[in-house]
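Let me begin by presenting the structure, written as structure tokens, before commenting on it.
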Amino acid sequence: MWQLYQFPLCPFSRKVRLALSEKGVAFEPLRENPWEASDEFYALNPAGRTPVLHDPERTLTLVDSQAICEYLDETVEAVPLILGNAASRAEIRRLTALFDSVFFSDVTAPLLHERMRKRLVTGEPPSAQVLRGAMRLAHEHLDYIDWLVDTRRWLAGARMSLADFAAAAQISVADYLEGVDFTGHEGAHAWYRVMKSRPSFRPLLALKMEGIPAPRHYADVNS
Ligand SMILES: N[C@@H](CCC(=O)N[C@@H](CS)C(=O)NCC(=O)O)C(=O)O
């Protein structure tokens, strides 16, 4: 069986978990904190980053959420994630990259640093200025999602795709860390509620990071 090296608040691990679950692929989640990674983990991924998907029986190791999701899409037919014609697939990849790189660096990474790393690793207080900046940028990203869902059924087009899972994975971590306010973003909020109510999403809503309690609304599929 596949083993997924991950930690609860890693948005890229969440993206892979969603892809695995949607496709009905069984996996065993293994806990790995990159800031105290084991030698065994470095042997699998010298970059020391989560997620890593490993099959011990086939000694196959896949690294990087996008490489993993593309591998799954190429090898498991059920629920295609990068679908449609070449132009549609390019749009799915554009939006997936936008959420994986820009949303992550604008919003999720600063929240993780201020509210998780500082609390668990360095013991420093979070910077109010950095948190305000991340939340302001979150509003800009939610404005863009509002516009996307106003013009399309799903983020990248008429069908649900990897772009929806990448975006929802980032937002779910930002929401756990109290960095998302949907006020004034009805379109984005309605889309996120639909994502949250998918069976593949339920296990993510149950994840807990020790020492960092989730706000009450986080796991509520109606809020
Ligand atoms: N492009 C990579 C990014 C992976 C990544 O940045 N993972 C973070 C955790 S969310 C990490 O392991 N960072 C190293 C660290 O925190 O020390 C992917 O999509 O998998």
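General remarks:
- Of the helices (runs of 4 or more DSSP H) that lie entirely inside the stretch 1-99, those containing 3 or more residues that are of a type in the set (K, R) and closer than 28 Å to I212 by Cβ span 11-23.
- Per-region count, the stretch 113-153, residues among the β-branched types (V, I, T) and either more than 16 Å from the ligand (Cβ to nearest atom) or surrounded by 14 or more Cβ atoms within 10 Å (Cβ to Cβ) (or both): 4
- Exactly one residue out of A67, A138, A128, A78 is of a type outside the set (S, T, Y), touching a residue at least 40 places away in the same chain (Cβ under 8 Å), out of contact with any strand residue (DSSP E or B) (no Cβ under 8 Å at 6 or more places or on another chain) and over 18 Å from V173 (Cβ atoms): that is A78.
- Verdict on E70 being at pLDDT 95 or above, closer than 20 Å to P11 by Cβ, more than 16 Å from the ligand (Cβ to nearest atom) and acidic (D, E): no
- Looking at the stretch 136-207, the helices (runs of 4 or more DSSP H) lying wholly inside it that each contain 3 or more residues that are touching a Leu at 6+ places or on another chain (Cβ under 9 Å) and farther than 15 Å from L98 by Cβ sit at 162-176, 186-196.
- Tally of residues being out of contact with any helix residue (DSSP H, G or I) (no Cβ under 8 Å at 6 or more places or on another chain) and more than 12 Å from the ligand (Cβ to nearest atom) across the stretch 27-58: 13
The values are calculated or read from the model by the stated rules, or taken from the named source; none is laboratory data. Keep in mind the model is a prediction, meaning the values are calculated, not measured. Cβ atoms come from the backbone with ideal geometry, glycine included; neighbour counts cover every protein chain shown.
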